[in-house]
Amino acid sequence: MALSDAVVETRLPAKDLDRARVWYAEKLGLEAVDERPGGLRYRCGPTVFCLFASRGASEGSFTQLAFEVDDIEAEVAELRARGVEFEEYDFPGFRTVNGIVDLDDNYPSRGAGERGAFFRDSEGNMISLGQPVGAPAQASVVPALRGTSVLLGSADPLSLRGFYERVFGREPVEGWLQLGSIGLLVDGRDDVATRTAEPGRVLLTFDTDDAKALADRLRAAGAPVVSELEERKDGLFCTFEDPDGNYVQVIQLNDSYFARIGSAEI
(Lines give C-alpha, C1' and ligand atoms only; values in the text may rest on other atoms or scores of the structure.)
Protein backbone atom coordinates (compact mmCIF):
# COMPACT_ATOMS: atom_id res chain seq x y z
CA MET A 1 0.00 0.00 0.00
CA ALA A 2 1.29 3.46 -0.88
CA LEU A 3 1.71 5.91 1.97
CA SER A 4 -0.67 8.25 0.13
CA ASP A 5 -3.42 5.70 0.88
CA ALA A 6 -2.45 5.23 4.53
CA VAL A 7 -4.48 6.47 7.51
CA VAL A 8 -2.84 9.52 9.13
CA GLU A 9 -3.63 10.58 12.70
CA THR A 10 -2.22 13.47 14.74
CA ARG A 11 -0.73 12.53 18.12
CA LEU A 12 -0.16 14.98 20.95
CA PRO A 13 1.93 14.26 24.08
CA ALA A 14 0.45 14.64 27.55
CA LYS A 15 2.46 14.50 30.77
CA ASP A 16 -0.80 14.08 32.71
CA LEU A 17 -3.38 12.21 30.64
CA ASP A 18 -6.16 12.54 33.21
CA ARG A 19 -5.60 16.31 33.37
CA ALA A 20 -5.67 16.47 29.57
CA ARG A 21 -8.91 14.46 29.40
CA VAL A 22 -10.63 16.93 31.73
CA TRP A 23 -9.21 19.96 29.88
CA TYR A 24 -10.37 18.78 26.44
CA ALA A 25 -13.82 18.01 27.81
CA GLU A 26 -14.29 21.25 29.76
CA LYS A 27 -12.53 23.69 27.42
CA LEU A 28 -13.18 22.23 23.96
CA GLY A 29 -16.26 20.10 24.62
CA LEU A 30 -14.53 16.99 23.25
CA GLU A 31 -14.86 13.50 24.70
CA ALA A 32 -12.64 10.55 23.78
CA VAL A 33 -14.34 8.05 21.46
CA ASP A 34 -11.83 5.33 22.33
CA GLU A 35 -9.11 4.79 24.89
CA ARG A 36 -6.41 2.42 26.02
CA PRO A 37 -3.82 2.51 28.82
CA GLY A 38 -1.79 5.65 28.13
CA GLY A 39 -3.90 6.88 25.22
CA LEU A 40 -7.09 8.77 24.32
CA ARG A 41 -8.59 8.92 20.82
CA TYR A 42 -10.82 11.75 19.58
CA ARG A 43 -12.86 12.14 16.38
CA CYS A 44 -13.69 15.53 14.84
CA GLY A 45 -15.73 15.11 11.67
CA PRO A 46 -13.82 12.69 9.39
CA THR A 47 -10.48 13.21 11.17
CA VAL A 48 -8.90 11.72 14.27
CA PHE A 49 -6.31 12.86 16.80
CA CYS A 50 -4.88 11.12 19.85
CA LEU A 51 -3.39 12.13 23.18
CA PHE A 52 -0.70 9.84 24.56
CA ALA A 53 1.00 9.72 27.94
CA SER A 54 4.56 11.06 27.65
CA ARG A 55 7.31 11.90 30.09
CA GLY A 56 8.47 14.65 27.76
CA ALA A 57 6.88 18.09 27.63
CA SER A 58 5.75 19.85 24.49
CA GLU A 59 7.48 23.19 23.90
CA GLY A 60 4.39 24.51 22.11
CA SER A 61 6.38 26.78 19.82
CA PHE A 62 4.55 25.72 16.64
CA THR A 63 1.08 24.56 15.66
CA GLN A 64 0.54 20.87 16.36
CA LEU A 65 -3.22 20.58 15.79
CA ALA A 66 -5.47 22.81 13.67
CA PHE A 67 -9.27 23.11 13.51
CA GLU A 68 -10.95 24.73 10.50
CA VAL A 69 -14.06 26.68 11.53
CA ASP A 70 -16.75 28.68 9.75
CA ASP A 71 -16.85 31.64 12.15
CA ILE A 72 -13.57 32.16 13.99
CA GLU A 73 -14.80 35.15 16.01
CA ALA A 74 -17.72 33.12 17.38
CA GLU A 75 -15.45 30.17 18.16
CA VAL A 76 -12.91 32.36 19.94
CA ALA A 77 -15.66 33.94 22.02
CA GLU A 78 -17.12 30.56 22.95
CA LEU A 79 -13.76 29.06 23.89
CA ARG A 80 -12.86 32.15 25.93
CA ALA A 81 -16.10 31.72 27.81
CA ARG A 82 -14.93 28.18 28.62
CA GLY A 83 -11.65 29.53 29.98
CA VAL A 84 -9.34 29.06 26.98
CA GLU A 85 -6.55 31.66 26.83
CA PHE A 86 -5.55 32.81 23.34
CA GLU A 87 -2.04 33.86 22.35
CA GLU A 88 -1.30 37.43 21.24
CA TYR A 89 1.45 38.18 18.68
CA ASP A 90 2.90 41.38 17.28
CA PHE A 91 5.44 40.57 14.56
CA PRO A 92 5.90 42.19 11.14
CA GLY A 93 3.19 40.69 8.94
CA PHE A 94 1.74 38.69 11.84
CA ARG A 95 -0.23 40.70 14.38
CA THR A 96 -3.22 39.49 16.36
CA VAL A 97 -6.16 41.70 17.27
CA ASN A 98 -8.23 40.31 20.10
CA GLY A 99 -6.49 36.97 19.56
CA ILE A 100 -7.12 36.76 15.80
CA VAL A 101 -4.60 37.30 12.99
CA ASP A 102 -5.61 38.10 9.39
CA LEU A 103 -3.36 36.70 6.67
CA ASP A 104 -3.39 37.51 2.95
CA ASP A 105 -2.18 34.08 1.88
CA ASN A 106 -3.50 30.52 1.82
CA TYR A 107 -3.25 27.35 -0.24
CA PRO A 108 -4.94 28.02 -3.60
CA SER A 109 -7.42 25.19 -3.01
CA ARG A 110 -8.43 26.66 0.36
CA GLY A 111 -8.98 30.32 -0.44
CA ALA A 112 -7.31 33.69 -0.95
CA GLY A 113 -6.47 34.29 2.71
CA GLU A 114 -6.98 32.98 6.22
CA ARG A 115 -7.86 34.10 9.73
CA GLY A 116 -6.16 32.32 12.62
CA ALA A 117 -6.11 32.10 16.40
CA PHE A 118 -3.79 30.13 18.68
CA PHE A 119 -3.94 28.64 22.19
CA ARG A 120 -2.22 25.94 24.24
CA ASP A 121 -3.82 22.95 25.87
CA SER A 122 -3.17 21.82 29.45
CA GLU A 123 -0.01 20.01 28.30
CA GLY A 124 1.51 22.94 26.42
CA ASN A 125 0.59 21.72 22.92
CA MET A 126 -0.11 24.56 20.47
CA ILE A 127 -3.55 24.38 18.83
CA SER A 128 -4.95 26.73 16.20
CA LEU A 129 -8.28 27.74 14.73
CA GLY A 130 -8.35 28.63 11.06
CA GLN A 131 -11.01 30.20 8.85
CA PRO A 132 -10.35 30.35 5.08
CA VAL A 133 -11.15 33.70 3.48
CA GLY A 134 -12.13 34.23 -0.14
CA ALA A 135 -13.25 31.67 -2.70
CA PRO A 136 -10.68 29.06 -3.80
CA ALA A 137 -8.98 30.05 -7.04
CA GLN A 138 -10.37 27.14 -9.06
CA ALA A 139 -13.79 26.97 -7.43
CA SER A 140 -16.84 27.44 -9.61
CA VAL A 141 -19.92 29.18 -8.30
CA VAL A 142 -22.76 26.73 -7.59
CA PRO A 143 -26.10 27.33 -5.91
CA ALA A 144 -26.15 26.63 -2.19
CA LEU A 145 -28.05 23.46 -1.30
CA ARG A 146 -30.59 23.70 1.47
CA GLY A 147 -31.30 19.99 1.66
CA THR A 148 -31.41 16.68 -0.18
CA SER A 149 -34.31 14.25 -0.34
CA VAL A 150 -35.35 10.97 -1.94
CA LEU A 151 -38.86 10.29 -3.30
CA LEU A 152 -39.92 6.67 -3.74
CA GLY A 153 -42.90 6.14 -6.03
CA SER A 154 -44.99 3.09 -5.11
CA ALA A 155 -48.18 1.33 -6.12
CA ASP A 156 -48.70 0.56 -2.41
CA PRO A 157 -47.32 3.59 -0.56
CA LEU A 158 -48.90 2.72 2.82
CA SER A 159 -47.10 -0.64 2.94
CA LEU A 160 -43.78 0.76 1.76
CA ARG A 161 -43.92 3.77 4.08
CA GLY A 162 -44.80 1.53 7.02
CA PHE A 163 -41.80 -0.67 6.27
CA TYR A 164 -39.36 2.25 6.58
CA GLU A 165 -41.12 3.54 9.69
CA ARG A 166 -40.69 0.14 11.38
CA VAL A 167 -37.07 -0.26 10.34
CA PHE A 168 -35.95 3.18 11.52
CA GLY A 169 -38.46 3.70 14.33
CA ARG A 170 -39.43 7.12 13.01
CA GLU A 171 -42.73 8.93 12.61
CA PRO A 172 -43.20 10.96 9.41
CA VAL A 173 -43.49 14.73 9.57
CA GLU A 174 -45.65 16.18 6.79
CA GLY A 175 -45.22 12.81 5.09
CA TRP A 176 -41.42 12.92 5.29
CA LEU A 177 -39.16 10.54 7.20
CA GLN A 178 -36.00 12.31 8.33
CA LEU A 179 -33.20 9.72 8.09
CA GLY A 180 -29.90 11.32 9.01
CA SER A 181 -29.41 14.28 6.69
CA ILE A 182 -31.80 12.89 4.04
CA GLY A 183 -35.55 13.23 3.85
CA LEU A 184 -37.42 10.17 2.50
CA LEU A 185 -40.90 10.53 0.99
CA VAL A 186 -42.96 7.54 -0.16
CA ASP A 187 -45.65 8.62 -2.60
CA GLY A 188 -48.36 6.75 -4.44
CA ARG A 189 -48.07 6.67 -8.23
CA ASP A 190 -50.10 5.00 -10.96
CA ASP A 191 -47.21 4.88 -13.45
CA VAL A 192 -45.03 2.37 -11.58
CA ALA A 193 -45.20 -1.41 -11.33
CA THR A 194 -45.87 -3.31 -8.13
CA ARG A 195 -42.18 -4.23 -8.00
CA THR A 196 -39.25 -2.40 -9.51
CA ALA A 197 -37.89 -3.98 -12.68
CA GLU A 198 -34.25 -2.87 -12.15
CA PRO A 199 -33.50 -2.89 -8.41
CA GLY A 200 -29.77 -2.37 -8.96
CA ARG A 201 -30.20 0.89 -10.83
CA VAL A 202 -30.66 3.01 -7.68
CA LEU A 203 -29.62 1.94 -4.17
CA LEU A 204 -30.85 3.53 -0.98
CA THR A 205 -27.64 3.53 1.06
CA PHE A 206 -27.59 4.14 4.81
CA ASP A 207 -24.29 4.72 6.62
CA THR A 208 -24.55 3.81 10.29
CA ASP A 209 -22.31 3.29 13.30
CA ASP A 210 -23.81 -0.20 13.81
CA ALA A 211 -24.44 -2.02 10.54
CA LYS A 212 -25.26 -5.31 12.26
CA ALA A 213 -28.00 -3.74 14.39
CA LEU A 214 -29.61 -2.06 11.37
CA ALA A 215 -29.35 -5.29 9.36
CA ASP A 216 -31.13 -7.11 12.18
CA ARG A 217 -33.95 -4.53 12.10
CA LEU A 218 -34.34 -5.03 8.34
CA ARG A 219 -34.57 -8.80 8.85
CA ALA A 220 -37.13 -8.31 11.60
CA ALA A 221 -39.19 -6.17 9.20
CA GLY A 222 -39.20 -9.08 6.71
CA ALA A 223 -36.75 -7.63 4.19
CA PRO A 224 -35.19 -10.32 1.95
CA VAL A 225 -31.39 -10.47 2.03
CA VAL A 226 -29.63 -9.68 -1.25
CA SER A 227 -26.09 -9.89 0.16
CA GLU A 228 -25.05 -10.75 3.70
CA LEU A 229 -23.01 -8.42 5.89
CA GLU A 230 -19.36 -8.56 4.84
CA GLU A 231 -16.21 -6.60 5.54
CA ARG A 232 -14.63 -4.75 2.61
CA LYS A 233 -11.80 -2.25 2.23
CA ASP A 234 -13.92 0.70 3.36
CA GLY A 235 -15.99 -1.03 6.05
CA LEU A 236 -19.04 -3.29 6.47
CA PHE A 237 -21.61 -3.70 3.67
CA CYS A 238 -24.86 -5.62 3.18
CA THR A 239 -27.96 -5.27 0.97
CA PHE A 240 -31.67 -6.02 1.44
CA GLU A 241 -34.89 -5.55 -0.57
CA ASP A 242 -37.75 -3.34 0.56
CA PRO A 243 -41.38 -4.43 -0.14
CA ASP A 244 -41.25 -2.91 -3.64
CA GLY A 245 -38.00 -4.66 -4.51
CA ASN A 246 -35.81 -1.56 -4.17
CA TYR A 247 -32.31 -2.34 -2.94
CA VAL A 248 -31.48 -1.02 0.54
CA GLN A 249 -27.75 -1.02 1.27
CA VAL A 250 -26.43 -0.76 4.82
CA ILE A 251 -22.84 0.34 5.31
CA GLN A 252 -20.57 1.10 8.25
CA LEU A 253 -17.60 3.03 6.88
CA ASN A 254 -14.30 2.60 8.72
CA ASP A 255 -11.63 5.01 9.94
CA SER A 256 -9.46 4.30 6.91
CA TYR A 257 -12.19 5.58 4.58
CA PHE A 258 -12.80 8.77 6.60
CA ALA A 259 -9.08 9.46 6.88
CA ARG A 260 -8.71 9.12 3.12
CA ILE A 261 -11.55 11.49 2.18
CA GLY A 262 -10.80 13.96 4.97
CA SER A 263 -7.09 14.45 4.40
CA ALA A 264 -7.30 18.04 3.11
CA GLU A 265 -4.79 20.25 4.94
CA ILE A 266 -5.93 23.32 6.86
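Residues in the stretch 193-216 that are loosely packed, with under 14 Cβ neighbours inside 10 Å and hydroxyl-bearing (Ser, Thr, Tyr) were compared, and the one that is nearest to residue 258 (Cα to Cα) is 205. Regarding the stretch 200-214, can at least one residue be identified that is without any contact (Cβ under 8 Å) to a residue 40 or more places away in the chain, part of a loop (DSSP other than H, G, I, E, B) and over 19 Å from the mean Cα position of the chain (by Cα)? Checked the stretch 200-214: at least one residue is without any contact (Cβ under 8 Å) to a residue 40 or more places away in the chain, part of a loop (DSSP other than H, G, I, E, B) and over 19 Å from the mean Cα position of the chain (by Cα). Only one of the numbered conditions (1) over 17 Å from residue 256 (Cβ atoms); (2) of a type in the set (A, V, I, L, M); (3) in a strand (DSSP E or B) is not met by residue 48, and that is (1). Residue selection: residue 95 satisfies the criterion of being more than 16 Å from residue 65 (Cβ to Cβ), open to solvent by 40 Å² or more (accessible area, probe 1.4 Å), in a strand (DSSP E or B) and free of Cβ contacts under 8 Å to residues at least 12 places away in the same chain. Against the list (1) over 29 Å from residue 97 (Cβ atoms); (2) open to solvent by less than 60 Å² (accessible area, probe 1.4 Å); (3) modelled with pLDDT under 95, the condition residue 1 fails is (2). Of all residues in the stretch 156-178, those that are farther than 21 Å from residue 196 by Cβ and polar (S, T, N, Q) have Cβ atoms under 9 Å from Cβ atoms of residues that are modelled with pLDDT under 95 and open to solvent by 30 Å² or more (accessible area, probe 1.4 Å), 6 or more apart or on another chain, in 178/170; 178/172. When the residues of the stretch 104-127 are filtered to those that are of a type in the set (A, V, I, L, M, F, W, C) and modelled with pLDDT of 95 or more, the one that is farthest from residue 51 (Cα to Cα) is 117. Taken together, 109, 58 contain a single residue that is part of a loop (DSSP other than H, G, I, E, B), among the hydroxyl-bearing types (Ser, Thr, Tyr) and surrounded by 14 or more Cβ atoms within 10 Å (Cβ to Cβ), which is 58.
Looking across the stretch 222-239, the residues that are outside any strand (DSSP E or B) and either among the charged types (D, E, K, R) or without any contact (Cβ under 8 Å) to a residue 60 or more places away in the chain (or both) come down to 222, 224, 233, 234. Picking from residues in the stretch 140-186 that are polar (S, T, N, Q) and part of a strand (DSSP E or B), the one that is least open to solvent (accessible area, probe 1.4 Å) is 154. Of the residues in the stretch 42-55, not one is farther than 20 Å from residue 255 by Cα and within 26 Å of the chain's Cα centre (by Cα).
Close contacts from the stretch 5-24, counting a first residue that is more than 16 Å from residue 48 (Cβ to Cβ) and a second that is surrounded by fewer than 13 Cβ atoms within 10 Å (Cβ to Cβ) and of a type in the set (Gly, Ala, Ser), with Cβ to Cβ under 9 Å and a gap of 6+ residues or different chains, come to 13/56; 13/57; 15/56; 15/57; 17/38.
The values are calculated or read from the model by the stated rules, or taken from the named source; none is laboratory data. If you're wondering where the values come from, they're calculated on a predicted model, not measured in any experiment. Here Cβ is always computed from backbone atoms with ideal geometry, including for glycine, and neighbour counts include all displayed protein chains. Note: accessible area is taken over every heavy atom of the protein model, side chains too, but ligands, DNA and RNA are not part of it. Shrake-Rupley method; radii C 1.70, N 1.55, O 1.52, S 1.80 Å.
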